[in-house]
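J.: Sharing a structure with you now.
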């Protein structure tokens, strides 16, 4: 997957290896200090001039001028800087399913959702909707979206929800961790 570097007024060029290693669903913002940042954000960083380096997830201030920074494409910081970024700076999502037709058949998503866990999936969708009405832009009538930089769970939350008997929140957080892990490894 190839993506182009952002079209920003940068003093430093984004190396191609950083663009090539960028996970799907992320947008390169540039070097720290080269974009608007009002608060810490959950994103990715990579060291320039180190082709063996990988993108590391953490919270960043946006002022780390020795790092190249990226954020989830649907995050607030990307929205703030959207006029400075070209759509080509957005990493295209990596394919979810294999290209080989026979291999694609080994992913029976519809059967899994509709026949195995229809009530659980419906409850998780409702849980997401209610949570966004309470915490996210959806409360202002915007479409529902996962604000990945604001909703960051961990295994402690999963265990706490499980101990409290809140299976819906347990399942949601477990899916969140799984999605983040798969996004980093695919």
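The values are calculated or read from the model by the stated rules, or taken from the named source; none is laboratory data. Because the structure is a prediction, the values reported are computed rather than measured. Glycine gets a Cβ as well: all are built from the backbone with ideal geometry, and neighbour counts include every protein chain shown.
J.: Which of the numbered conditions does residue 53 fail, given that it passes all the others? Conditions: (1) touching a strand residue (DSSP E or B) at 6+ places or on another chain (Cβ under 7 Å); (2) at pLDDT 80 or above; (3) surrounded by 15 or more Cβ atoms within 10 Å (Cβ to Cβ).
T.: (2)
J.: Somewhere in the range 45-52, is a residue under 19 Å from residue 148 (Cβ atoms) and in a strand (DSSP E or B)?
T.: yes
J.: If we keep just the residues of the range 23-34 that are over 15 Å from residue 73 (Cα atoms) and in contact with a strand residue (DSSP E or B) (Cβ under 8 Å, 6 or more places away or on another chain), which is surrounded by the fewest Cβ atoms within 10 Å (Cβ to Cβ)?
T.: Of all residues in the range 23-34, those over 15 Å from residue 73 (Cα atoms) come to 31-34.
Going one step further and asking which of them are in contact with a strand residue (DSSP E or B) (Cβ under 8 Å, 6 or more places away or on another chain), we end up with 31-32.
On the way: 31: 21, 32: 18.
Taking the candidates together, the pick is 32.
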